[in-house]
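The values are calculated or read from the model by the stated rules, or taken from the named source; none is laboratory data. Quick caveat, the model's predicted, so the values are computed rather than measured. All Cβ positions, glycine included, derive from the backbone under ideal geometry; neighbour counts span all protein chains shown. Just the protein is used for accessible areas: all its heavy atoms, side chains included, with ligands, DNA and RNA removed. Shrake-Rupley method; radii C 1.70, N 1.55, O 1.52, S 1.80 Å.
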Amino acid sequence: MAQKPAIPKGTRDFLPSEVAKRTYLFDTIKRVFKRYGFAPIETPSFELSSTLLGKYGEEGDRLIFRILNSGEKMRKADLEALAQDNLPRFANSLAEKALRYDLTVPFARFVVQHQNELQFPFKRYQIQPVWRADRPQHGRYQEFFQCDADVVGSDSLLHEVEFIQIFDEVLTALNLPGFDIQINNRKILTGIAEVCDVAQQIVELTVAIDKLDKIGEEGVFKELKEKGFSDLTLQKIQPLFELTGSNQEKIKHLRTFLASSEIGLKGLDELQYVFDRIAQLGLAKGTLNFDVTLARGLNYYTGAIFEVKAQGVKMGSICGGGRYDDLTALFGLKNLSGVGISFGADRIYDVLTELQLFPSDLDKSLDILIANFEPETELAHLQLLQKLRALGLAAELYPSSTKLQKQLKYANDRKARYVILVGEEERQQGKLTLKDMESGLQQQLSQAELLTKFEPLA
RNA sequence: GAGGUUGUAGCUCAGUUGGUUAGAGCGUCGGAUUGUGGUUCCGAAGGUCGCGGGUUCGAGACCCGUCUUCCUCCCCA
């Protein structure tokens, strides 16, 4: 019986017109990455479970797609763990491999494994799909692409500056009219926790204040209270929510607030450097904002934290990133500082679609169609096609000599710019008719004239 | 992982308190036009009503399960 076809939830098919848009998006990002000296690498779609598990917290482990052992390996199932109701251990014994959850952890594994073959500081970019067993929602898929660029082996703040320039350059090239690059520094958050005497609960603290723009000041206080923070702490944090004014004014206020925290002040110094450099260099369309409440969930960030939001659309962050001082330590290589960013290609795609910013001629897959009148001229047409294709033009001969009406409709649907007509009339005169599908105008040309006409277009 | 929501033609959606043969627009195909597309006119094809079970004389509609969609939370890009 014919079965209704379907694809798993949170996955998508891409039609030619969609692939054309995605290619445009990826190519724009790649072009900028390359200009800044990043080289592409690729890693496998799946890794050993042990490489991935435990790197993203409890929540992350739950969202990792596992690959069931096959054949004889099934016998490795730990039935004892099942009997003891230890489901995580049982699951691990069933699946030794898992689909890549992000590009950063596999990259850390890659760096450690190939450390002797790489030049440091090592700058790589990587555009590949990742998989998450998350519940799909607007702008959230189970299979999606990440476009990451990272530098490892350098603690220079130069990279932070360059990444901000990359955000600006890519998103400007994609014609986004406006976007906010939010920046914060993990050291400032650590300093805040120190000043408030809650250094141990920094994760709970930052996760809560990260939600400020979503649930408001009251919501944050409520959540902090539920997490067991004292009224005194809440009172100390309060001034943070009232930080207003320019980036410089915010930094100034925080210097007072964090006066007793060495690490907090270091974070402010780092931030100040980045702001100074960007002010001197300038940005095209982006604006750089200091946002103390920006935390991002990931625990491994230690310095700058970035997040980018597009203006004029209701969409979560479209880019993110930050500095992580010891990511490769997870795999045994210490003291290697890294900093990186990620473009959320699928979300950017949705934003560009919503704002109608994709160039209109992207899905043009055919420049010239030769209409098919009679089988006898087939060879001559194929020879003409060779010449047109040698010029770099996408050209094809309609495969059968059906009604001209149908062939023109096909050319129209394919968005072909020109149609070449060679019927009995033209053949007798040794000419061909070139029809411009946009203007509808036709002209009679010899083959040599035709090729001369198209030469500059190639 | 928790709660809610959706599913009818290729697409977007109608379908009354359960009652003959499930409709429309768009798209597709054919024709009006045997060498001229986009517009127009005429016609046609296309549906196990997500899937499985139940209630009923009778289910697209009601009930249960399941998958899917979208949303809120969690988390994230």
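General observations
- 37 °C / 0.692 mPa s Stokes-Einstein diffusion coefficient of the stretch A:281-366, Kirkwood radius on C-alpha pairs, µm²/s: 210 µm²/s
- Cross-link partners for A:LYS227 among the aspartates and glutamates, with Cα-Cα distance under 20 Å and sequence neighbours closer than 8 places in the same chain left out: A:GLU58, A:GLU59, A:GLU194, A:ASP197, A:GLU204, A:ASP210, A:ASP213, A:GLU217, A:GLU218.
- The C-alpha radius of gyration of chain A, expressed as a fraction of 2.2 N^0.38 Å, stands at 1.27.
- The alpha-carbon positions of the stretch A:26-129 define a convex hull whose volume is 127 Å³ per residue.
- Structural size metrics of the stretch A:179-307, computed from C-alpha coordinates, are Rg and Dmax of 14.3, 45 Å.
- Partners for A:LYS73 among aspartates and glutamates (Cα-Cα distance below 18 Å; same-chain residues under 8 apart left out): A:GLU47, A:GLU96
- Chain A, helix-only ellipticity at 222 nm - DSSP H runs n ≥ 4, -39,500 (n - 2.57), divided by all residues, nearest 500: -12000 deg cm²/dmol
- When each of the peptides A:431-443, A:41-53, A:76-88, A:151-163 is scored by how many other beta carbons lie within 10 Å of its residues on average, the order from highest to lowest is A:151-163, A:41-53, A:431-443, A:76-88.
- Excluding ligands, DNA and RNA, the accessible surface per residue across the stretch A:179-307 is 49 Å² with a 1.4 Å probe.
- Accessible-area composition of chain A, carbon plus sulfur, in percent [1.4 Å probe]: 52 percent
- Eligible lysines near A:LYS364 by straight Cα distance, threshold 25 Å, same-chain separation 8 or greater: A:LYS21, A:LYS30, A:LYS387, A:LYS403, A:LYS406, A:LYS409, A:LYS415, A:LYS435, A:LYS453
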